[in-house]
Amino acid sequence: MTAEGASTEIRAALARLRRTTGLPVAFGGLVEHARPLMLISELNGTATRSLSRLAVTAGTGLGGRAVALARPCAVTDYSSSRQISHEYDSAVEAEGLRSVLAVPVVVRRRVRGVLYGALRTAQPLGDRTLSAAVAAARDVEQALVVREAARELLEAARPDPSPDPSPGAAGGAAWEQVREAHAALRALAPRVSDPGLRDELMSVCGMLTGEGASSPVSLAPREVDVLACVAAGATNAVAAERLGVRVETVKGYLRSAMRKLGAHTRGEAVVAARRAGVLP
């Protein structure tokens, strides 16, 4: 997961946070790997640059407290609050902020970033506002998990350019791993919001099936997704869960693919798809 990719998710979440809460100001950033610092890099609705590139140490201020506790924190009047330390008062006051909330973005039990929302008046931030901010942070968490899973799969599945990607060129166990990786990549790709990363996933899928080979059949992408799951041993219910669709939708894609492939059973469809170069 690149820092730019994570920053893109933070930026999008701040826009959602303002839209769903009505808060006039939102900002946030990522926690650095090497040091317990959170760098505010994304601003939305601010009137000044006072918060830009502000480095917040874990445990200090409101955001640092959210990082240290790994849970949401809020204050009604930032400058007079006794719940937090006040290392960053000048930057907050320059922006004219009073009521502020900070929600950590937690991925695999590690705080990866913080989303802030703020008012320029001192008034309590209700449960509905806090819940919406937490939902925005959860969106970022899910996006980062998907991105990291995609990167891990890419590293595991990217074929060596020298060998020929065919069943005869690899051992049985190794080839089954290739097929499982192909199914996982195809299931994950539609959930990736980054078009560049999504294209990269599909490019690797193409390499695993022998990219560029002409196929006698034309299957829709979702039909291939379903066949890839079936080839990896998934039931219709498991395939539906992986692809984020209903079981009946999986059955419909499978029936359509079988018809195009001239197959009468799931097994025949997988074999035919492999012969056609659609599956590895």
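Confirm whether LEU254 is at pLDDT 90 or above, within 21 Å of LEU185 (Cβ to Cβ) and touching a helix residue (DSSP H, G or I) at 6+ places or on another chain (Cβ under 8 Å).
When the stated conditions are applied, LEU254 passes them.
Quick grid of which residues meet (1) exposed (fewer than 14 other Cβ atoms within 10 Å of the Cβ); (2) β-branched (Val, Ile, Thr):
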| site | (1), (2) |
| --- | --- |
| ARG53 | yes, no |
| THR57 | no, yes |
| GLY63 | no, no |
| ILE84 | no, yes |
| GLN123 | yes, no |
| ALA135 | no, no |
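Quick check on the range 121-141. Is at least one of its residues at pLDDT below 90, more than 27 Å from TYR78 (Cα to Cα) and not in a strand (DSSP E or B)? Steps first, please.
So in the range 121-141, the residues at pLDDT below 90 come out as 139-141.
Filter again for more than 27 Å from TYR78 (Cα to Cα), leaving none.
No: the range 121-141 contains no residue that is at pLDDT below 90, more than 27 Å from TYR78 (Cα to Cα) and not in a strand (DSSP E or B).
Does the range 46-55 contain at least one residue that is basic (Lys, Arg), assigned to a loop (DSSP other than H, G, I, E, B), touching an Asp or Glu at 6+ places or on another chain (Cβ under 9 Å) and in contact (Cβ under 8 Å) with a residue 12 or more places away in the chain?
Scanning the range 46-55 turns up no residue that is basic (Lys, Arg), assigned to a loop (DSSP other than H, G, I, E, B), touching an Asp or Glu at 6+ places or on another chain (Cβ under 9 Å) and in contact (Cβ under 8 Å) with a residue 12 or more places away in the chain.
Within the range 68-82, how many residues turn out to be assigned to a loop (DSSP other than H, G, I, E, B) and either closer than 15 Å to GLY117 by Cα or under 33 Å from the mean Cα position of the chain (by Cα) (or both)?
5
The values are calculated or read from the model by the stated rules, or taken from the named source; none is laboratory data. Here the structure is a predicted model, which is why all the values come from computation and not from measurement. We place every Cβ from the backbone using ideal geometry, glycine too, and count neighbours over all the protein chains shown.
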